[in-house]
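Quick notes on the structure that follows.
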Amino acid sequence: MGGYGDVQCIDENGIRLDGRTVGEIRPISIEVGVVPVADGSARMRWGLNDVIAAVYGPMEAHPRKIQRQDRAVLDVRYNMAPFSTTDRIRPGFNRRSREISKVTAEALESVVLTELYPRSKIRVEIEIICAEAGTRCAGITAASVALAHAGIPMSDMVVSVASGKVHDIVVCDLNKEEDNYGEADLPMGILPNSGELVFLQMDGDLSPEQFQEAWDYNMGAVSVIHEHMVAALKGGEA
Amino acid sequence: MGGYGDVQCIDENGIRLDGRTVGEIRPISIEVGVVPVADGSARMRWGLNDVIAAVYGPMEAHPRKIQRQDRAVLDVRYNMAPFSTTDRIRPGFNRRSREISKVTAEALESVVLTELYPRSKIRVEIEIICAEAGTRCAGITAASVALAHAGIPMSDMVVSVASGKVHDIVVCDLNKEEDNYGEADLPMGILPNSGELVFLQMDGDLSPEQFQEAWDYNMGAVSVIHEHMVAALKGGEA
Amino acid sequence: MGGYGDVQCIDENGIRLDGRTVGEIRPISIEVGVVPVADGSARMRWGLNDVIAAVYGPMEAHPRKIQRQDRAVLDVRYNMAPFSTTDRIRPGFNRRSREISKVTAEALESVVLTELYPRSKIRVEIEIICAEAGTRCAGITAASVALAHAGIPMSDMVVSVASGKVHDIVVCDLNKEEDNYGEADLPMGILPNSGELVFLQMDGDLSPEQFQEAWDYNMGAVSVIHEHMVAALKGGEA
Amino acid sequence: MGIPLVPKLLRAHLAELAENDSRHDGRGRFEGRDLELEIDCLERAEGSARVRMGDTIVYAGVKFQIMTPYPDRPNEGGLMCSAEVRPVAGRGWEPGPPSPESIELGRVVDRGIRESGCINVEELCLIPGEKAWQVILDLFAISDDGNLFDAFALAGIAALKSAVLPAERYEIGEDRPLGVAKTPVMCSYHKVGGRFVYDADKREELGGDERIHITLGDDDHVHSLQKGLKGIFTAAEFDEIMVEARSKCAELRSLLDQKLAGE
Amino acid sequence: MGIPLVPKLLRAHLAELAENDSRHDGRGRFEGRDLELEIDCLERAEGSARVRMGDTIVYAGVKFQIMTPYPDRPNEGGLMCSAEVRPVAGRGWEPGPPSPESIELGRVVDRGIRESGCINVEELCLIPGEKAWQVILDLFAISDDGNLFDAFALAGIAALKSAVLPAERYEIGEDRPLGVAKTPVMCSYHKVGGRFVYDADKREELGGDERIHITLGDDDHVHSLQKGLKGIFTAAEFDEIMVEARSKCAELRSLLDQKLAGE
Amino acid sequence: MGIPLVPKLLRAHLAELAENDSRHDGRGRFEGRDLELEIDCLERAEGSARVRMGDTIVYAGVKFQIMTPYPDRPNEGGLMCSAEVRPVAGRGWEPGPPSPESIELGRVVDRGIRESGCINVEELCLIPGEKAWQVILDLFAISDDGNLFDAFALAGIAALKSAVLPAERYEIGEDRPLGVAKTPVMCSYHKVGGRFVYDADKREELGGDERIHITLGDDDHVHSLQKGLKGIFTAAEFDEIMVEARSKCAELRSLLDQKLAGE
């Protein structure tokens, strides 16, 4: 959240740089089976984001010390490809990626019926091929589709989306300029059937009223994203 | 040992910058139970040094390959907190800390009755919160108290103290300026009951006579430090 | 392969900087038993190259996950000592050394009768004490001798040598200047009894005809190198 | 923190207590443990604090370094926040590279402070494009009996508010306080026995489910949120703890102001 | 890639197929899998390509940075080539520091491109001794069904040939294509069932022996060779695949030229 | 070095020998093994030595680099000492990051040389605050049959004393010897069978207790001491080996001087 005012992200008519209104999400397309050697996979394009998720397993968890007697463990990795951003990203250890991997795993563990696969491991690999704000949300969403594509039983899929604030205006589904020059970002992970949450982060500055507005934008965007997910799994586009 | 003569550490009357005579040690206070979640702990303030030692165990040693069939292993870590010195210390691997951890472990292993706990591990954690010369000595001394506080049987406690040389004068218990501008440092670990040694290092330049003088200062300081250790364990201050 | 033309490596009579003709190899000497604590060892001096190879094993392979049920594993390390080159080499991880270790292991595995020692490990350590072009070839050759000296059964030893191109002239057994200023390098690992290959690399630029010429130089150098190897094992110099 | 074997008995016990709306140490659902806050307690740090919440004890220390501003922000200094939980702090913390747990801990505390804008990084610039102050906040746990997040956050903002720029040592003018304009404060809630409680201790952490960390600034502005661990929660549950957080954060903020004003 | 337990049955099956001069997927000995080559497919890269060979899928992306030339080569920019095979690409690829397998993969592909001299590093210099372009080629595998070497090499040269120097973003003149003078192409042969085949898939890799990688440039010049894995081969075997490589490399080179010319 | 299973039988055997005042290889208590010292034996190093003590063999090599002096010591060059014991040197040495054993080895040898003041770091300065020589001493073990400490220390000072500053290669004047004013020498004593012996071999190290390393300079000045491993010793024991060390160090020093004078 830079808070830099020198780029005008929203015009006087409430139209954003990419032509959207404040409550509108970017174009989405989802495709499954994009990693042929994986047990399940999905590619999500969301604005300029291009995200691939692959699932391997359930398989034996090794080394044995990571095994859990009563359930499967989810081994989730979120990673940005070196060419996914304007400035090249050096491969290797990265605190941001570690944290996103952790919260993504915890979100997905909340819905995967891990107790069906004791002592096993399910690997979820999320690769950001091209990034344009909201990659963690696209990653969680794509991973949900890939898990479903791999036939892993879940209580529900997770739909993830982020709204935020730019020039003191709350907008839905931040794009890159809005993320760079905006003042707040609220990504959430929502279960489409119940409206419950499994993922929540936020940083920046939101008054109580603005916070509620951003929350409501996220809740409102769930059903349209969910339709794309279901359609991709059914073999068509939404 | 810098050997830089531009700071005058001892005046013509043999009085040091902190007001001590050449044979005098800095003020000491010791307190136990300072890490409530540990099995034993001690805090030693010695001049401006502020050192915390915590003991966990005996516990099962794992991984199994570190187990010893006939005794417990001591897993000792000496570490300086990032804010413990004038220039911040970066967390992470550090050759100096590794060496001090090793010789500290070996000093303590010489007195802990490790053969009473085969296949187990005793963790000793030494954290330097504030440093002012002689932190390894304060660490060994505090760890001895923490081991006793944890009820680990020992043949004796270890008292550690360093004397050295500044402006060609041998002095007891170096302070920070004396360590920075002095010419030699002789830290020793002594058993108060027998006068035997379990720890010895030295660097710098000492003639045979100066070496003997520094040795004698260390031996002479043992009983007063030992009294503080015993008092802290008995629940009062020395 | 620098391709820099400012050093004249071959004169108008086809004589090289070190006095050799284009088809001649550098002086070689081999000695065994140079690492007394190892199970087998050899030192190969080849031009200014000074290379030590030591073999330990067969021994139990641990951790168990590296064990192979039907054969021994070869654990090969190629390393350059920090003082082995004009510019000091920093100890530690090094992609070049890792790759050379890998291809060296694969060359030696092709001849060691590993199936005689299931579940065990044979350690091969190659240390470059002084380097002058062609260290990987000297390492493979010295390791073959050290394996034989350790009594490890092999179908044949490996003779390794590199030819290349300098100022568009193909020459045998590149020296340091030729490696620095030359245009191609073709190292090969050859079985002296059959003429078969177990090791092959190449980089630079060679026309099909030049490639054949370099290949033939390598093949032609095998027997003289092999004689040195055999003589060292028999206890004399070739 | 390795993988603790969550004892099923502990979970059952905590669930039973929850049914009776009580906690294992007798506290109310939104009641914190005994709190001690000490300021300026580290001789070698330019700002420092020590926080004790029950048997959880942490230190925060502020140091300064001279940095070259980043090319794209030539008029700004920097803020770095680093959290370490070394094995001294408890049986479950192991040596080695930072675990995902300690990375999350450091980053969530960092975001709460950074995103509040409490440090004006432009005021840290000494010569544009050439020289600026870098503020380094180190959080260091001595004893972990649960809820390190809140302890670190409170110690961190207290240390910053007490920090003095050591300009004289660097021969660039007189020492002066680091200006810290705002007071972000964190409150954390753990789901234990099916409902959220404030300031969980270690046993509640081990036998609980997800946790939610809320950092609020002046005027109840939200600066950072984080949901950690496996678990599902409803909007209604979140609303309830957000209301609680507003009053608790205000309470902690006034305690801190008191301490800084010299009791 | 860890140590796969090479199934003896697979070896036996592949050997049987070899005796009948056939392969498990019906291909001829020197026949490649279906090949797709897509250029300029990564929005954030300055040059890019995607290659699909059967179920093997890789990306290559080119980025540029400003560097200071090395003191001993003040008139030259740089080329860096990095290959990553992350766990996304297959069950056998594990997280962690680069394995010997991926180090070899990166270095062999790098040598083929670098040693061909296709990039003129002197043209990358902006101010001698002070400022030059560094070309960074990143190879990234999405799905590994065998023969990553050839897929990486083809995607790599394609990405370089499509790359545009982002001079405007760095405010040093107009954007212009990175000049790539030559077209090195790699062909790899695996010994499967006792004879070398072209473009082995994963099953053939698992049940095979050594492999030989050949990079040829214009006029059949040899730029890089590598024998990998345990195995013994004869000069006659090598001669046979070298002849094959010459025609196959020419074929791939003309495919690439077609794509770059816009089909 | 991992954790060797110290064989109880070996300990018992060595204790029995000690009772008869003998050692397993027939040496006297303070008798060293056969010693070879070779100088200038590494073609690419600017100074070098090889030491053989029984079956223990080590090399030392000196290299130089140009450095920028540290801001707080603008008139000084640097000395860096690095000791490596790679797996070549024995069955017990494993690959990987430096073990505590090899860190101690390097640091103790380094302190003995550094603290003697034998290298005048001010003479290494070329342009105050800008340019100075850094001396790098690399110690490298080829075969470890015990007492690497003394072998490294002797090879190290010998290599430094034979070193020549490669000024011509760096185009800063004529080559000249690195001035080394003093000759620190180390003697190490291991407690074996209850009493200290000089120059323990591997079997004595495995079946022994603590060790004490003494570095003495000219006029018997003490420059470095280190007690290693578990064990208790008395002041009287220490006095005895200190007396022994004085005569042994003098002996080694005169051997070294002889070699440097060309036999």
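The values are calculated or read from the model by the stated rules, or taken from the named source; none is laboratory data. These figures come from a predicted structure and were not determined experimentally. Heads up, the Cβs are rebuilt from the backbone with ideal geometry, glycines too, and the neighbour counts pull from every protein chain shown.
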Self-check item: Count of region F:48-73 residues which are at the interface with chain C (Cβ under 9 Å from one of its Cβ atoms) and buried (at least 22 other Cβ atoms within 10 Å of the Cβ)
Solution: 9
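Hey, any hits in region F:42-61 for a residue that's part of a loop (DSSP other than H, G, I, E, B), closer than 25 Å to F:Glu101 by Cα and in contact (Cβ under 8 Å) with a residue 60 or more places away in the chain? Reasoning before the result, please.
Residues of region F:42-61 part of a loop (DSSP other than H, G, I, E, B): F:42-46, F:54-55.
If we keep only those that are closer than 25 Å to F:Glu101 by Cα as well, we get F:54-55.
Okay, now just the ones that are also in contact (Cβ under 8 Å) with a residue 60 or more places away in the chain, so F:54-55.
Yes - at least one qualifying residue is present in region F:42-61.
Would you confirm, using the coordinates I've provided, whether D:Tyr189 is over 13 Å from the mean Cα position of the chain (by Cα), surrounded by 24 or more Cβ atoms within 10 Å (Cβ to Cβ) and either more than 30 Å from A:Ala162 (Cα to Cα) or without any contact (Cβ under 8 Å) to a residue 60 or more places away in the chain (or both)? I'd like the intermediate steps shown before the answer.
Details: over 13 Å from the mean Cα position of the chain (by Cα): yes; surrounded by 24 or more Cβ atoms within 10 Å (Cβ to Cβ): yes; either more than 30 Å from A:Ala162 (Cα to Cα) or without any contact (Cβ under 8 Å) to a residue 60 or more places away in the chain (or both): yes.
Here the answer is yes, as D:Tyr189 does meet what is asked.
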Practice problem: Would you mind telling me which numbered condition in (1) farther than 29 Å from E:Trp93 by Cα; (2) in contact (Cβ under 8 Å) with a residue 40 or more places away in the chain E:Glu174 fails? | Solution: (2)
Practice problem: State whether one or more residues within region B:53-75 are under 25 Å from B:Gly182 (Cβ atoms) and touching a strand residue (DSSP E or B) at 6+ places or on another chain (Cβ under 8 Å). | Solution: no
Quiz prompt | Considering residues of region B:150-171 that are surrounded by fewer than 24 Cβ atoms within 10 Å (Cβ to Cβ), at pLDDT 95 or above and more than 14 Å from chain F (Cβ to nearest Cβ) only, the residue farthest from B:Ala72 (Cα to Cα) | solution = B:Ile169
Self-check item: Selected residue (criterion: farthest from the other protein chains (Cβ to nearest Cβ)) from residues of region A:198-238 that are free of Cβ contacts under 8 Å to residues at least 40 places away in the same chain and among the hydroxyl-bearing types (Ser, Thr, Tyr)
Solution: A:Ser223
Quiz prompt | The lone exception for F:Gly112 - which of (1) in a loop (DSSP other than H, G, I, E, B); (2) among the small types (Gly, Ala, Ser); (3) over 30 Å from F:Glu171 (Cα atoms) it fails | solution = (1)
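Quick one: is D:Val192 away from every other protein chain (no Cβ under 14 Å) and farther than 30 Å from B:Thr86 by Cα?
yes
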Quiz item: Given the structure, is F:Lys182 among the basic types (Lys, Arg), assigned to a helix (DSSP H, G or I) and under 17 Å from the mean Cα position of the chain (by Cα)?
Solution: no
Exercise. Specify which of the listed residues (A:Arg68, A:Arg98) is within 17 Å of the chain's Cα centre (by Cα) and basic (Lys, Arg).
Key: A:Arg98
Quiz item: Going through region E:195-222 one residue at a time, which ones are within 14 Å of another protein chain (Cβ to nearest Cβ) and within 16 Å of E:Asp239 (Cα to Cα)?
Solution: E:Phe196, E:Glu210, E:Arg211, E:Ile212, E:His213, E:Ile214, E:Thr215, E:Leu216, E:Asp220, E:His221, E:Val222
Exercise. Collect the residues in region D:192-234 that are assigned to a strand (DSSP E or B) and of a type in the set (Ser, Thr, Tyr), keeping them in residue-number order.
Key: D:Tyr198, D:Thr215, D:Ser224
Practice problem: Take region D:103-137 and flag every residue that is within 14 Å of chain B (Cβ to nearest Cβ) and without any contact (Cβ under 8 Å) to a residue 24 or more places away in the chain. | Solution: D:Ile103
Practice problem: Check off (1) farther than 30 Å from E:Arg52 by Cα; (2) over 16 Å from the mean Cα position of the chain (by Cα); (3) free of Cβ contacts under 8 Å to residues at least 60 places away in the same chain for A:Leu17 and give me the number that stays unchecked. | Solution: (3)
Exercise. Out of the residues in region D:128-146 that are of a type outside the set (A, V, I, L, M, F, W, C) and farther than 27 Å from D:Glu204 by Cα, state the one that is surrounded by the fewest Cβ atoms within 10 Å (Cβ to Cβ).
Key: D:Glu130
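Which residues, counting only those in region E:83-98, are at the interface with another protein chain (Cβ under 7 Å from one of its Cβ atoms) and touching a helix residue (DSSP H, G or I) at 6+ places or on another chain (Cβ under 8 Å)? So that I can check it myself, show each step before the final result.
From region E:83-98, those at the interface with another protein chain (Cβ under 7 Å from one of its Cβ atoms) are E:84, E:86-88, E:90-91, E:95; that's our starting set.
Correct list: E:Glu84, E:Gly90, E:Pro95.
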Quiz item: Right, D:Phe149: crowded, with 19+ Cβ neighbours inside 10 Å and in a helix (DSSP H, G or I) or not?
Solution: yes
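What tally of residues in region F:115-130 results from selecting those that are in contact with a strand residue (DSSP E or B) (Cβ under 6 Å, 6 or more places away or on another chain), outside any strand (DSSP E or B) and not acidic (Asp, Glu)? I'd like the intermediate steps shown before the answer.
Within region F:115-130, the subset in contact with a strand residue (DSSP E or B) (Cβ under 6 Å, 6 or more places away or on another chain) is F:115-116, F:118-119, F:124-126.
Then drop every residue that is not outside any strand (DSSP E or B), which leaves F:115-116, F:118, F:124.
Add one more test, that the residue is not acidic (Asp, Glu), and what stays is F:116, F:118, F:124.
Adding up the residues that qualify gives 3.
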Practice problem: Identify the single condition in (1) more than 26 Å from C:Ser97 (Cα to Cα); (2) in contact (Cβ under 8 Å) with a residue 12 or more places away in the chain; (3) not in a helix (DSSP H, G or I) that E:Cys81 does not satisfy, given that it satisfies every other one. | Solution: (1)
